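*Asks:* Below: one structure in structure tokens.
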Amino acid sequence: MKKIQSYFENVQTGMTVLCLVIMSLSSLLQVINRNILKLPISWTEELSRYSMIWMTMIGTGISVRKGMQMSLDVWGRKLRGIPRMVMDLFSCAMVLVFCVVVMVSVLKLVGVQRASTQLSPALHVPMYIMTLSIFLGMLFLCFVELESIVKVCRTKGRDAAPEESEGTE
């Protein structure tokens, strides 16, 4: 289990860093071009925008795993034992349901975009490739939530998950 978790975390981190580097270099090229070279390069802005979207979607799982997302846990801090476990499992289940609904909707959208052969304006990349970032982000988030369910079941609601305490310090 730890190897799989570590593998997915490394893949997510690597993809996020790659998107950040692409976004940064593309933005730098855009600024240099605009202020120094004055060449008509239209694709740099679009590349940086799409890199940011991919980075955000993939990074969502990382932020949830590390407890860096914003949350309101007034009841969660007061509950212990079985009620805490039930609340945590319900929360994870709701996130999983949301992810599955989004993934199904995105797959339908990808089918429509593939059939229409829609391309991005400047890069001329099929738009379904950009839309797949949502699917991949939700898939990574599903893995994170499944990890959380395993942790909640192991602790049986005795204490907060390690990620929660990391984000509050």
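*Asks:* I want to confirm something. Restricting to the stretch 97-149 and keeping residues that are touching a helix residue (DSSP H, G or I) at 6+ places or on another chain (Cβ under 8 Å), under 29 Å from residue 44 (Cα atoms) and of a type in the set (S, T, N, Q), which single residue is surrounded by the most Cβ atoms within 10 Å (Cβ to Cβ)?
*Replies:* Residue satisfying both the conditions and the ranking: 133.
*Asks:* Here is a further query. Among all residue pairs at least 6 apart or on different chains, which show Cβ distances below 7 Å where the first residue, located in the stretch 22-46, is more than 18 Å from residue 121 (Cα to Cα) and the second is among the hydroxyl-bearing types (Ser, Thr, Tyr) and surrounded by 12 or more Cβ atoms within 10 Å (Cβ to Cβ)?
*Replies:* From the stretch 22-46, the pairs are 22/51; 29/44; 33/44.
*Asks:* Return yes when residue 14 is modelled with pLDDT of 90 or more, loosely packed, with under 12 Cβ neighbours inside 10 Å and either not in a helix (DSSP H, G or I) or not hydrophobic (A, V, I, L, M, F, W, C) (or both) and no when it is not.
*Replies:* It is true that residue 14 is modelled with pLDDT of 90 or more, loosely packed, with under 12 Cβ neighbours inside 10 Å and either not in a helix (DSSP H, G or I) or not hydrophobic (A, V, I, L, M, F, W, C) (or both).
*Asks:* Within the stretch 17-27, which residues are surrounded by 19 or more Cβ atoms within 10 Å (Cβ to Cβ) and under 12 Å from residue 58 (Cβ atoms)?
*Replies:* 19, the sole residue that qualifies.
The values are calculated or read from the model by the stated rules, or taken from the named source; none is laboratory data. Owing to the predicted nature of the structure, the values given are computational and were not obtained by experimental measurement. Because the Cβ atoms are built from the backbone with ideal geometry, glycine has one as well, and the counts that use them run over all protein chains shown.
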